[in-house]
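For reference, the structure discussed in these notes is given below.
The values are calculated or read from the model by the stated rules, or taken from the named source; none is laboratory data. Note that the coordinates shown come from a computational prediction; the quantities given were computed from them, not determined experimentally. Note that we place each Cβ from the backbone using ideal geometry, even for glycine, and neighbour counts take in every protein chain shown. Surface accessibility is based on the protein's heavy atoms, side chains included, excluding ligands, DNA and RNA. Shrake-Rupley method; radii C 1.70, N 1.55, O 1.52, S 1.80 Å.
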Amino acid sequence: MPTPDPFFSLPANSEWNACIGRQGDEENYADGYIEAAIELVTALVEKRMYEKRDTLVLPILYNARHAIELTLKLVIGGFVRAGILDAGHPQNHDIASHLAFLEGHAIPDEFFRERLSEVGPYVGSLSQIDDDGQELRFHENRDGQCSMEGKALANIAVIGASLTEL
């Protein structure tokens, strides 16, 4: 008898089955990463899990950064499919360049442009410490230096408030 797949076996009770792959949606990725970040912050603060601050802060920040990246890419792709943009942005993980790409195209929708400008400070903050999605994932960066060398502390409550606003 084969060993069941540790992550993708499906029990008879389907209550907790989640749609992924061909049944998933592009928005599930972006929504999931920001929701995960918010859930982790909420759990840390509400359960007063001080002992987990140092280990969960990086996944929280990475999830927030990745959610922003996926959302910007989702928006760009939607504008291309709708014919509002002729072409998309080069595929990379530089969230600041994705934001600049959208800002540079002056999308003719005032509500969209206002929301885009509101995202700017969050993109600026996270791209300053992690311009390509590596610093929040690894202890050492590609140059062999300590990741986020210029930062020593981050406040979970501040991060939580920013995630809620974002």
Practice task
Output the residue which, of all residues in region 50-87 that are open to solvent by 40 Å² or more (accessible area, probe 1.4 Å) and in a loop (DSSP other than H, G, I, E, B), is nearest to L116 (Cα to Cα).
Solution key: I84
Problem - Test: R137 is under 18 Å from the mean Cα position of the chain (by Cα) and basic (K, R) - result: yes
Exercise for the section: May I ask you to verify whether H105 is touching a Cys at 6+ places or on another chain (Cβ under 8 Å) and open to solvent by 80 Å² or more (accessible area, probe 1.4 Å)? Expected result: no
Practice task
Out of the residues in region 142-163 that are assigned to a loop (DSSP other than H, G, I, E, B) and either among the small types (G, A, S) or open to solvent by less than 50 Å² (accessible area, probe 1.4 Å) (or both), state the one that is nearest to T55 (Cα to Cα).
Solution key: A154
Fill in the blank from the handout: Restricted to region 33-49 and to residues being among the small types (G, A, S) and touching a residue at least 24 places away in the same chain (Cβ under 8 Å), the residue surrounded by the fewest Cβ atoms within 10 Å (Cβ to Cβ) is A36
Completion exercise
Of the residues in region 124-158, those that are of a type in the set (A, V, I, L, M) and under 12 Å from Y62 (Cα atoms) number 3
Practice task
State whether one or more residues within region 110-132 are assigned to a helix (DSSP H, G or I), open to solvent by less than 50 Å² (accessible area, probe 1.4 Å) and of a type in the set (D, E).
Solution key: no
Fill in the blank from the handout: Residue set H93, H66; condition in contact with an Asp or Glu (Cβ under 8 Å, 6 or more places away or on another chain) and not aliphatic (A, V, I, L, M); output residue H93
Exercise for the section: With the condition kept exactly as written, say whether any residue in region 116-132 is touching a His at 6+ places or on another chain (Cβ under 7 Å) and touching a residue at least 24 places away in the same chain (Cβ under 8 Å). Expected result: yes
Fill in the blank from the handout: Of the residues in region 1-45, those that are in contact with a Gly (Cβ under 9 Å, 6 or more places away or on another chain) and more than 28 Å from L61 (Cβ to Cβ) number 0
Exercise for the section: Scan region 29-43 and give yes if some residue there is out of contact with any strand residue (DSSP E or B) (no Cβ under 7 Å at 6 or more places or on another chain), more than 30 Å from G78 (Cβ to Cβ) and part of a helix (DSSP H, G or I), otherwise no. Expected result: yes
